[in-house]
Amino acid sequence: MGGMTGVHTEPESDASIVARSHAEPEAFAAVFDRYATDVHRYAARRLGDEAADDIMAETFTTAFRLRDRFDPGRGDVRPWLFGIATHLVSGHRRAEGRRFRALSRLPAPAETDEPLADRVAARATADGMRRELATALARLSPALRDVLLLVAWADLAYEEVAQALDVPVGTVRSRLHRARARLRKELGAGGGTVAAGMDNAPVATGRKEHGHG
């Protein structure tokens, strides 16, 4: 059969959408459609669902207002959005600490639950965290916790975390190393497996670095 061949159209890049939104503000809605779920999930893990609604909304409101500051050379807008979200989370440090401490007091999970070793740190939501992990996260400094959770829960590569927090990549590596070491110390015998889950996070997708810690 003769006829039309399929035409594959590449999706519009984030940088192109943001640039277009300067003249067509409604175009920015495509950024929300792409990343709202990811930002909400990250905020919910750190602060709970109710606060996450506000964090997500404010993240995109702020991004829209400051869209002229986005560097199109970065291409992907995701690290920028997570940087905004993390800054907003920082305004709720006490609430986050209380949340993790409350989770640390929950009853121990039933034996039928998945084992602590099953990469819980990288995959479970905060509500599903084991008590030991919640306690360890509550005791981390905000700077260490931000880097650790941007890697493990936002699935950002080291360079992307550096962009999100506006710090050098070397600082990201140093803080991540210290955070993982603290987890191992806090969690004792089980710390190695949980921290290993955090160690594996940077290679969870093809975007991540391999072989660096």
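The values are calculated or read from the model by the stated rules, or taken from the named source; none is laboratory data. These numbers were taken from a predicted model, which means no experiment stands behind them. Ideal geometry is used to build each Cβ from the backbone, glycine not excepted, and the neighbour counts take in all protein chains shown. Areas reflect the complete protein model, heavy atoms only, side chains present, ligands, DNA and RNA absent. Shrake-Rupley method; radii C 1.70, N 1.55, O 1.52, S 1.80 Å.
For the stretch 155-169, the tally of residues that are farther than 19 Å from TYR42 by Cβ and either in contact with a Ser or Thr (Cβ under 6 Å, 6 or more places away or on another chain) or open to solvent by less than 50 Å² (accessible area, probe 1.4 Å) (or both) stands at 1.
Whenever a residue of the stretch 18-44 is touching a residue at least 24 places away in the same chain (Cβ under 8 Å) and more than 27 Å from ARG145 (Cα to Cα), its partners that are in a loop (DSSP other than H, G, I, E, B) and open to solvent by less than 60 Å² (accessible area, probe 1.4 Å), lying with C-beta atoms within less than 8 angstrom and at least six residues away or across chains, give the pairs VAL18/PHE70; VAL18/VAL77.
Right, ALA152: open to solvent by less than 40 Å² (accessible area, probe 1.4 Å) and modelled with pLDDT under 90 or not? Judged against the criteria, ALA152 is not a match. Of all residue pairs spaced 6 or more apart or on separate chains, those with beta-carbon atoms under 7 Å, a first member in the stretch 179-194 that is part of a helix (DSSP H, G or I) and open to solvent by 60 Å² or more (accessible area, probe 1.4 Å) and a second member that is β-branched (Val, Ile, Thr) and at pLDDT below 85 are GLU186/THR135. (1) open to solvent by 60 Å² or more (accessible area, probe 1.4 Å); (2) modelled with pLDDT of 50 or more; (3) touching a helix residue (DSSP H, G or I) at 6+ places or on another chain (Cβ under 6 Å): which one isn't true of THR125, the others all being true? (2) is the only condition that THR125 fails. Among the residues making up the stretch 140-163, those that are assigned to a helix (DSSP H, G or I) and under 12 Å from ARG180 (Cα atoms) are LEU144, ARG145, VAL147, LEU148, LEU149, VAL151, ALA152. Given the condition out of contact with any Leu (no Cβ under 8 Å at 6 or more places or on another chain), free of Cβ contacts under 8 Å to residues at least 40 places away in the same chain and among the charged types (D, E, K, R), answer yes or no: does some residue in the stretch 72-79 qualify? No, every residue in the stretch 72-79 fails to be out of contact with any Leu (no Cβ under 8 Å at 6 or more places or on another chain), free of Cβ contacts under 8 Å to residues at least 40 places away in the same chain and among the charged types (D, E, K, R).
Return yes or no: is VAL120 at pLDDT 95 or above, under 17 Å from TYR42 (Cβ atoms), aliphatic (A, V, I, L, M) and open to solvent by less than 20 Å² (accessible area, probe 1.4 Å)? No. If the condition is being over 21 Å from ALA157 (Cβ atoms), surrounded by 15 or more Cβ atoms within 10 Å (Cβ to Cβ) and not aromatic (Phe, Trp, Tyr), then the stretch 58-85 contributes GLU58, THR62, ARG67.
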